[in-house]
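The block underneath contains the structure these notes are about, expressed in structure tokens.
The values are calculated or read from the model by the stated rules, or taken from the named source; none is laboratory data. Treat the numbers as computed from the prediction; the structure is a model and nothing was measured. Glycine also receives a Cβ, built like all others from the backbone with ideal geometry; neighbour counts cover every protein chain displayed. What goes into the accessible areas is simple: the full protein's heavy atoms, side chains included, and nothing from ligands, DNA or RNA. Shrake-Rupley method; radii C 1.70, N 1.55, O 1.52, S 1.80 Å.
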Amino acid sequence: QWYQRRVRGGESGKGKNIVSPKLVALKEQLKMAAGGWDFSLFLTEQGFLYSAGSSENGQLGNNDAGQYIDGRKTLFTAQATPIRIHSFFAQDPRTKTKVRLPNVSIRHISAGQHHSAALSTMDHLFTWGFNGHGRLGHKTTEDELIPMRVNFFRHNDPNQCVRMAKCSYGGCFAVNNIGTVYCWGQNQIPRLECPYPIPMEDLYGWDIHDFAPGRHHHVIVADKSSISMGKVTKGELGMGPNVKSSSQLDKMKTVEGIPMLKCAVGIGHTLLLADDSTTDAKAKIEGLDVNYD
């Protein structure tokens, strides 16, 4: 359930360096986990959300940045064991006061560099943590220490509620219930610095299955196409050896016509999970070159 890496702030929920997989001490059954730069999020089958790691930018969602003074140094505490995030809030658009929302159950989580996002079972999107360049989508650049609902997506309109949402390195991407894709925060490609969601017009009309926003490139699987954009260092756009970068969305022609279920991106690579349940898709997959190196 865990991975090998150096732990700076207890982000594994173990409080020390982890050199082999260890179980995280949670009594509930886990549904999913997400890892940021120096913190982690854990979602249980019951819809409860836990966090662990560095609290420096408020990304743990416990209303505490953990700041303290040691001599002349400003330091920050780390949460070595997962703690539950109990409270979720929304800002009243008229009074600007923060109102606690009752009975919020979470169904999906995502972690960025120093910010977090969670989708509720009511399709409401909450973000918190570091808010540089407006990556939380609240029309401000102030850090948020508690999960706050992104009011841009009107919670009383089912069509405008959020179906999917993921953090990128410096921002967020989301898809509403009618399929419109939005992005906000800071992204290198597309060139963007905006503190509130704006639509990605190039994706109007696509049936989005999944998307994976990265630091330098993004991948989207929609209909029977795999689409990418961004900078190329190791061929991660999947467009062949002659493409160095692309500021516009384009199809990966090698896998065109193969329906994809999921996608993921790393620093310099891309992963696609294909659906081979149909004869046509299976034939296309079998026709691809296979690299066993």
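From the residues in segment 1-39 that are hydrophobic (A, V, I, L, M, F, W, C) and at pLDDT below 55, which one is farthest from LEU60 (Cα to Cα)? Full working, then the answer.
Step one: filter segment 1-39 for residues hydrophobic (A, V, I, L, M, F, W, C), giving 2, 7, 18-19, 23-26, 30, 32-34, 37, 39.
Adding the requirement that they be at pLDDT below 55 leaves 2, 7.
Values: TRP2: 19, VAL7: 16 Å.
So, considering only residues that are hydrophobic (A, V, I, L, M, F, W, C) and at pLDDT below 55, the one farthest from LEU60 (Cα to Cα) is TRP2.
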### Message
Condition first: open to solvent by 40 Å² or more (accessible area, probe 1.4 Å) and assigned to a strand (DSSP E or B). Now tell me which residues in segment 102-112 satisfy that.
### Response
ARG107, HIS108
#### Entry: Conditions (1) without any contact (Cβ under 8 Å) to a residue 12 or more places away in the chain; (2) among the hydrophobic types (A, V, I, L, M, F, W, C); (3) in a loop (DSSP other than H, G, I, E, B); number of the one not met by VAL99
(3)
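For segment 113-157, please list each of the strands (runs of 3 or more DSSP E) lying entirely inside it that holds at least 1 residues being under 12 Å from the mean Cα position of the chain (by Cα), crowded, with 19+ Cβ neighbours inside 10 Å and at pLDDT 95 or above. Working first, answer last.
Working: elements: 115-120, 125-129, 144-149.
The strands (runs of 3 or more DSSP E) meeting that bar are 115-120, 125-129.
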## Note on the structure
If we keep only residues of segment 256-293 that are farther than 15 Å from GLY238 by Cα, among the polar types (S, T, N, Q) and part of a loop (DSSP other than H, G, I, E, B), then the residue nearest to the chain's Cα centre (by Cα) is SER277
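Look through segment 50-76, keep the residues that are assigned to a loop (DSSP other than H, G, I, E, B) and of a type in the set (A, V, I, L, M), and return whichever of them is nearest to THR127 (Cα to Cα). Explain how you work it out, then say what you get.
So in segment 50-76, the residues assigned to a loop (DSSP other than H, G, I, E, B) come out as 55-66, 71-72.
Cutting the leftovers down to of a type in the set (A, V, I, L, M) gives us 60, 65.
Values: LEU60: 11, ALA65: 15 Å.
That would be LEU60.
Pick from ASP223, ASP210, ASP202: which is open to solvent by less than 10 Å² (accessible area, probe 1.4 Å), under 25 Å from CYS161 (Cβ atoms) and acidic (Asp, Glu)?
Details: ASP223 fails: open to solvent by less than 10 Å² (accessible area, probe 1.4 Å); ASP202 fails: open to solvent by less than 10 Å² (accessible area, probe 1.4 Å).
Result of the check over ASP223, ASP210, ASP202: ASP210.
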### Message
If I ask for residues that are touching a Gly at 6+ places or on another chain (Cβ under 7 Å) and over 15 Å from SER110 (Cα atoms), which ones from segment 147-166 would you list?
### Response
PHE152
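Criterion first (open to solvent by 20 Å² or more (accessible area, probe 1.4 Å), aromatic (Phe, Trp, Tyr), farther than 17 Å from SER247 by Cα and in a strand (DSSP E or B)) does TYR196 satisfy it?
yes
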### Query
Among the residues of segment 233-282, which ones are among the acidic types (Asp, Glu) and within 27 Å of ARG191 (Cα to Cα)?
GLU236, ASP250, GLU256
### Query
In the set VAL232, VAL290, VAL243, which member is loosely packed, with under 12 Cβ neighbours inside 10 Å and either in contact with a strand residue (DSSP E or B) (Cβ under 8 Å, 6 or more places away or on another chain) or among the aliphatic types (A, V, I, L, M) (or both)?
VAL290
### Hey, GLN186 touching a helix residue (DSSP H, G or I) at 6+ places or on another chain (Cβ under 6 Å), modelled with pLDDT under 95, in a strand (DSSP E or B) and not β-branched (Val, Ile, Thr) or not
yes
### Residue satisfying all of: in segment 77-95; part of a strand (DSSP E or B) and among the polar types (S, T, N, Q); nearest to ASN57 (Cα to Cα) among these
GLN79
### Task
Could you figure out which of (1) farther than 20 Å from HIS209 by Cα; (2) at pLDDT 90 or above; (3) part of a loop (DSSP other than H, G, I, E, B); (4) not basic (Lys, Arg) isn't true of GLU236?
(1)
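Which residues, taken from segment 43-53, are open to solvent by less than 60 Å² (accessible area, probe 1.4 Å) and either touching an Asp or Glu at 6+ places or on another chain (Cβ under 9 Å) or of a type in the set (A, V, I, L, M) (or both)?
Answer for segment 43-53, where residues must be open to solvent by less than 60 Å² (accessible area, probe 1.4 Å) and either touching an Asp or Glu at 6+ places or on another chain (Cβ under 9 Å) or of a type in the set (A, V, I, L, M) (or both): LEU43, THR44, LEU49, TYR50, ALA52, GLY53.
Taking segment 54-88 as the search range and keeping residues that are hydrophobic (A, V, I, L, M, F, W, C), in contact with a Leu (Cβ under 9 Å, 6 or more places away or on another chain) and more than 18 Å from LEU43 (Cα to Cα), which one is surrounded by the fewest Cβ atoms within 10 Å (Cβ to Cβ)?
Restricting attention to segment 54-88, the residues satisfying the condition of being hydrophobic (A, V, I, L, M, F, W, C) are 60, 65, 69, 75-76, 78, 80, 83, 85, 88.
Those left that are additionally in contact with a Leu (Cβ under 9 Å, 6 or more places away or on another chain): 60, 65, 69, 83, 85, 88.
Now restrict to residues that are more than 18 Å from LEU43 (Cα to Cα): 65, 69.
Values: ALA65: 18, ILE69: 8.
The extreme case among them is ILE69.
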